[in-house]
Every structure is written in structure tokens, then in C-alpha cells.
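Peer 1: Starting off with a structure, shown below.
What follows draws every value from the coordinates through simple rules; no lab data is involved. Keep in mind that what you see is a predicted model, and the values were worked out from it rather than measured. Note: ideal-geometry Cβ built from the backbone for every residue, glycine included; neighbour counts use all protein chains shown.
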Amino acid sequence: MLIANKRQDNQVKTYITYNKGRDWRLLQAPSSDLEGNDIHCILPFCSLHLQLQMSENPYLSGAITTKSSAPGIIVATGNIGPELSFNNVGMFISSDAGNSWRQVRRAPGLGHFHMHEGRTPQAQQRGCLVN
């Protein structure tokens, strides 16, 4: 599985492939927000876009992370909409290698997330863990 951002028609969008780049598709946005309200995001006009840059500090998480001891689990920051944006950013998690996503936190102050050996990643902000 590979995830990449691609500039197309002056917009940056996030794509995923499961066959080494032969076929790419947009990420389907979660169907509901943190409060359980429906999100009306229809491909290809709206999708989930991830901030794929990595942290310069090796001791801090970048915008996307996964760990070999937790296969298929991905935690990333990004936004829902027509293109990648740094507005309305949230934290998203996938437990099936990027096939489906759910939002676990909203900006501001996303905090940082921890990958525990073989357990679900947890987001931490001001001492509170969010599963």
C-alpha cells in the first residue's frame, strides 16, 4: 500500500494504491464526523486528503505514521474537501490499511500520537489519551 499527494489541475489531492502504483484512487472520506453527523462527501469532487510531510525531529510524529507491530493501522492529519488544505484539519485513523477512515480529533492543537506495541494508536493532548 502506498499513499501519495499529487498535483492535478492546480489542486493537490491524496491518492492510495494497493498494487505498487498501477491503479490509484482517491481516499474515501469518513461517512460521519466526530458528533455522528453525516458527511456528504462524494468522490471525485470531495475526498480525504492527508498531510504527508514527515517531522524533522525523529522523536516527534510527523503528519502520518504506522508501525510494523500494528499492521493496517494508519494515523494521519488531513482534511476533507475538494483538495489538500491546511484549514479544517483533523486527525484520522484507518484500521484497514487506508481503505476506510474515521476522524478522531479536530484542530486546533492536534497534539501528538503514540504507537504502542501491537495496540491501537492513541492521540495525546494535555495528558488526555484519545482512542
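Peer 1: With the requirement that a residue be over 11 Å from the mean Cα position of the chain (by Cα) and over 15 Å from LEU48 (Cα atoms), what does the stretch 67-94 give you?
Peer 2: Going residue by residue through the stretch 67-94, those that are over 11 Å from the mean Cα position of the chain (by Cα) are 67-72, 81-88.
Result: LYS67, SER68, SER69, ALA70, PRO71, GLY72.
Peer 1: Next up: Considering only residues that are exposed (fewer than 13 other Cβ atoms within 10 Å of the Cβ) and either under 15 Å from GLY81 (Cα atoms) or free of Cβ contacts under 8 Å to residues at least 60 places away in the same chain (or both), which ones fall in the stretch 32-53?
Peer 2: Of the stretch 32-53, the ones exposed (fewer than 13 other Cβ atoms within 10 Å of the Cβ) are 32, 34-38, 40, 42-45, 53.
Residues satisfying the conditions are SER32, GLU35, GLY36, ASN37, ASP38, HIS40, ILE42, LEU43, PRO44, PHE45, GLN53.
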